[in-house]
Structure formats: structure tokens, C-alpha cells
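Comments concern the structure below.
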Amino acid sequence: MSRDPAQGRLPAAYLAAGGSSFTDFVAQHDPHLLPGRRATQTGGAIEAPHGTTIVTLTCEGGLVMAGDRRATLGSLIANRDMRKVFAADEHSLVGIAGAAGVAIEMVRLFQVELEHYEKVEGVVMSLEGKANRLAAMLRGNLGLAMQGLSVLPVLGGFDATAGGGRIFSYDVTGGCYEEQEHHSVGSGSLFARGALKKLWRPDLDRASAVRVALEALYDAADDDSATGGPDVHRRIWPMVGVVDAAGVTFVDESECEAVVAAILADRRGEGGAR
């Protein structure tokens, strides 16, 4: 909404008391601004770039989430350097698979939603609250999902009460499910999940968890053409986020490069079998 030109000030809606949900505020006053409320074409699915694959796993004192960098449009590579893992706030990460444009817009709205809640209520939203808010956004996007613009996020955060990381997955209708130990989404998720099952263990420290995440993405890229593996020639590495009691941090490219180099060296030494 813009300023009222007749009054030279913000509309009354901005000055009235309201709830703590920014999404509900927009839905009430300017619903066309929400991704799922926009008019779209009828008949047939909409072709748009899609992003995959996201893996996430718990480790000592927190959680690691990683995503490859490839976006595809059918059989074509639409983008080789797409970011798919974001900080939702200071204590949670969200990874996206599905229609890239809608997914990124939903993440940005989710970030504003959490910041708005914190400013209005004066406290940080609980991890379960964040999971439920993201589920509500997905339910609002169901119309676009029916036309091929589906979004499948995964949410991971640090739970101070539990003293560790927790993972939440979703379906296109907004169903929210808590996962245990590890999870993956996207077209390469089947292959990544197999790797996670073999490599995850309860006592993983941060460095070991980062390596497991990168190995799972490597295995997914080996079997799924829509998943981009580490691009050594272009120096494009997966995006890896870590969340623990200290908050969200991202693994820098030099560390990712070193871990990838170690993985490749180990696999060459084993004749490529793992």
C-alpha cells in the first residue's frame, strides 16, 4: 500500500492496532500482493525454473542444512548458481525445492513474517510456531501448486528447550511433519536420503555433519540430472548453513571447497565405490 496522496500520510490500516501476523495483514488489506492470491492462467501447467535438492541433518548441539545450486526448466539447466538455503531468522534455516520464483518470494515473506511477529510481540516465535506459519503460507499457495508452481520447503531450527536441532517437512497442501535425525526434499531426495541413512550417526560434530551433507548431495547429483553437484571448474559449491545455540552461520566457500576436495580424493582412492 502507498501513502494517501490526499492526506500525505500512511493509510489508516497502518495506524490501527492489529495482530502479529504480517501475512494476515496483507491478506486483509492487499491480498493481491500474496503469491497464492494472484490471478493466473487457466488450463495447463505453467513452466518455470525449479530448484532441487535440499538435505538437512541434526548434529551435536544443532543442525546442518545444505542445497545444491542448480535450477532446471524441463531438461534444460536454467541456472547454475541458485541459492536455496536461507536464514529464516537468527535461529532457523529454510531450504526450498520446487518453483524457484514462488519459493524465493515465499521465503522472503516468511522472513518478514517472523521479524514482524518479534517486533510486535517482543519475543521470538517458537520453532513450532514458525513451522505452523510456514504451513499456512503453503496452504495459501495451493492454487498455484495445482498449476505446477508448487513449493516444498524444509525448515530446520535450534530448539533451546530440547538443546538441539529439529526438522520440519511439508507437503503442497500445507501438511507439516516433524522429521527425526535427517531429511531431504527435491528430485534428488531419494538418492540423498539413502546416503544420509548410511552416513548419519548421533555423535556427528559440525565438521562431520557438513561432510555428510555434501556427500549426500554428491550422491544425489550422481543419479539425478536436476541436481547439480560441486562444480569444480566454475568453483560453484553447495550452500551450507549451520544453526546452533549461537545462531545461524553459513559455511564459507573455501571450507566447502576443501571438504569437496577431500570427498573426491577419498572416492578416487576407493575406485569410485561407496
So which residues in the stretch 189-241 are assigned to a helix (DSSP H, G or I) and among the charged types (D, E, K, R), if there are any at all? Arg193, Lys197, Lys198, Arg206, Arg211, Glu215, Asp219, Asp222, Asp223
For residues that are in contact (Cβ under 8 Å) with a residue 60 or more places away in the chain and farther than 23 Å from Leu63 by Cα, scanning just the stretch 78-108, find the one that is least open to solvent (accessible area, probe 1.4 Å). Val102
Residue satisfying condition, being in contact with a Ser or Thr (Cβ under 9 Å, 6 or more places away or on another chain) and aliphatic (A, V, I, L, M), within set Leu134, Leu76, Leu109: Leu109
Within the stretch 95-151, can you find the residues that are under 22 Å from Tyr177 (Cα atoms) and assigned to a loop (DSSP other than H, G, I, E, B)? Val124, Met125, Ser126, Asn141, Met146, Leu149, Ser150
Answer residue from the stretch 150-166, given it is closer than 18 Å to Gly74 by Cα and open to solvent by 20 Å² or more (accessible area, probe 1.4 Å) and is farthest from the chain's Cα centre (by Cα) among those: Ser150
Restricting the search to the stretch 167-181, which residues are touching a residue at least 12 places away in the same chain (Cβ under 8 Å) and open to solvent by 40 Å² or more (accessible area, probe 1.4 Å)? Asp171, Val172, Thr173, Cys176, Glu178, Glu179, Gln180, Glu181
Looking at Met137, is it hydrophobic (A, V, I, L, M, F, W, C) and open to solvent by 70 Å² or more (accessible area, probe 1.4 Å)? no
Residues being basic (Lys, Arg) and loosely packed, with under 14 Cβ neighbours inside 10 Å: count how many of those fall in the stretch 109-134. 1
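The values are calculated or read from the model by the stated rules, or taken from the named source; none is laboratory data. Nothing here was measured: the structure is a model prediction, and the numbers come from that model. We place every Cβ from the backbone using ideal geometry, glycine too, and count neighbours over all the protein chains shown. Just so you know, the surface numbers come from the protein's heavy atoms only, side chains and all, with ligands and any DNA or RNA stripped out. Shrake-Rupley method; radii C 1.70, N 1.55, O 1.52, S 1.80 Å.
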